[in-house]
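Here the structure comes first, spelled out in structure tokens, and everything after it is commentary.
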């Protein structure tokens, strides 16, 4: 995952509606815009715009079936984000361990 990719991915997930759409696709199924928008207080066009952001960030893929677009979650994108977060977490663990050592040595 390049430096730009995590920023775009997390920016896309930073919106509650888009995060909810990802949640609706988390079971691995494929759904149309109409199905994804069921129960949401927004138009089909608004749902489509949110899905376009998710698609641009690489979080979903789409497939045309007749006149409808069907969307599915790209698990590899989620795994890449998880890996990036694990790297950042490991860096923080190392930083905190060094801070702890510095504080403990300073008390001696």
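The values are calculated or read from the model by the stated rules, or taken from the named source; none is laboratory data. Source: prediction; values computed, not measured. Heads up, the Cβs are rebuilt from the backbone with ideal geometry, glycines too, and the neighbour counts pull from every protein chain shown.
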TODO: Could you tell me whether segment 62-69 includes any residue that is at pLDDT 95 or above and part of a helix (DSSP H, G or I)?
DONE: no
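What do you reckon, is residue 51 surrounded by 17 or more Cβ atoms within 10 Å (Cβ to Cβ), within 23 Å of residue 79 (Cβ to Cβ), in contact with a strand residue (DSSP E or B) (Cβ under 7 Å, 6 or more places away or on another chain) and without any contact (Cβ under 8 Å) to a residue 40 or more places away in the chain?
Working: surrounded by 17 or more Cβ atoms within 10 Å (Cβ to Cβ): yes; within 23 Å of residue 79 (Cβ to Cβ): yes; in contact with a strand residue (DSSP E or B) (Cβ under 7 Å, 6 or more places away or on another chain): yes; without any contact (Cβ under 8 Å) to a residue 40 or more places away in the chain: yes.
Yes, satisfied.
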- [ ] Could you tell me whether any residue of segment 85-98 is exposed (fewer than 13 other Cβ atoms within 10 Å of the Cβ), outside any strand (DSSP E or B), under 18 Å from the mean Cα position of the chain (by Cα) and in contact (Cβ under 8 Å) with a residue 12 or more places away in the chain?
- [x] no
